[in-house]
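Laboratory data are not the source of any read-out in this text; all were calculated from the coordinates shown. Quick caveat: nothing in here was measured; it's all calculated off a predicted structure. FYI the Cβ positions are ideal-geometry reconstructions off the backbone, even for glycines, and counts take in every protein chain you see.
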Amino acid sequence: MFTIVLDTNIILDSIKFKIDLFTELGRICSFSYKIAVLDKTLNELENKKNSKTALRLINKKNIQIIKTQNNYVDDLLFNLNNDCIIATNDKELKRRLRKENKKIITIRQKKYLITENVL
């Protein structure tokens, strides 16, 4: 089973572009998975546009919260183990992840999700 870890920007962008994140994950993932966010991601969401909607969504879907020590979310995501798929729309983080051939989920054409390096 994989863990799909949502980055702050993919949560906010999915709300902004009116993408049903959970339906799209079900569409593109033909394997078993659970969804999680880092505790620092919740901190990043505070005081951002659509943050209340994002936090309600996380609570409603009972998304697992991963406790962390470090402060920089991108480094935490980058250093997660290989059973994790990083869902992000952050250009710099995607570049770093691709360089290491890590599994990524990202938004394409502001309409749907795609996977990279997943099965």
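Quick look at the numbers
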item: Charge dipole (the chain, unit charges on Cβ, about Cα centre) - positive-most of PHE78, ALA36, ASN47; result: ASN47
item: Derived scalar couplings ³J(HN,Hα) [the stretch 95-112; Karplus, 6.51 cos²θ - 1.76 cosθ + 1.60; whole Hz; x for Gly, Pro]; result: 4, 4, 5, 5, 4, 9, 6, 8, 7, 9, 10, 9, 8, 10, 6, 6, 10, 8
item: Binned Cα-Cα distance frequencies in the chain - 10 Å width, integer %; result: 13, 50, 34, 2
item: GNM top mover of PHE31, PHE78, PHE17 - the chain, alpha-carbon springs below 10 Å; result: PHE31
item: Cα centroid of the stretch 52-69 to Cα centroid of the stretch 1-47, whole Å; result: 9
item: Listed pairs LYS34/LYS60; LYS16/LYS48; LYS40/LYS110; LYS16/LYS99 exceeding 18 Å between Cα atoms; result: LYS40/LYS110; LYS16/LYS99
